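Nothing in this text is a laboratory measurement; each read-out follows from the coordinates by a stated rule. Computed from a prediction, not measured in an experiment: that's the story for all the values here. Don't worry about glycine lacking a Cβ; one is built from the backbone with ideal geometry, like all the others, and counts go over all protein chains shown.
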Amino acid sequence: MNRFAALALLALAAAPLAACGGSRPEEDALMRRVAQAEDAAKRAEAAANKAEDAARRATSGSTAPETVYEPAPDVDPGFGQPEDPVPQDG
């Protein structure tokens, strides 16, 4: 998580440097990149928080019920299997 904070700080540190003699189009491009980096850092931090929560639940012995998937009963064992053609004009 510290890595994401460092990325956000780097993006914020780049903003004042843009004011040091750059042309307007370059400043605009840099500011867009800074905004993109901030958004990416926010998304990465949210994903890291979700992963930490999931890991915490997995290791805490949670009493939340697990989803159990069972195969459906075989109503027609031949369902989905190829069949010999049957003439319909007979």
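In this label model, Glu66 and Ala37 are separated by 4.3 nm, measuring between points 7 Å along each Cα→Cβ vector.
Relative to the current alpha-carbon distance between Ser23 and Asp76, full extension at 0.36 nm per residue lengthens the span by 11.8 nm.
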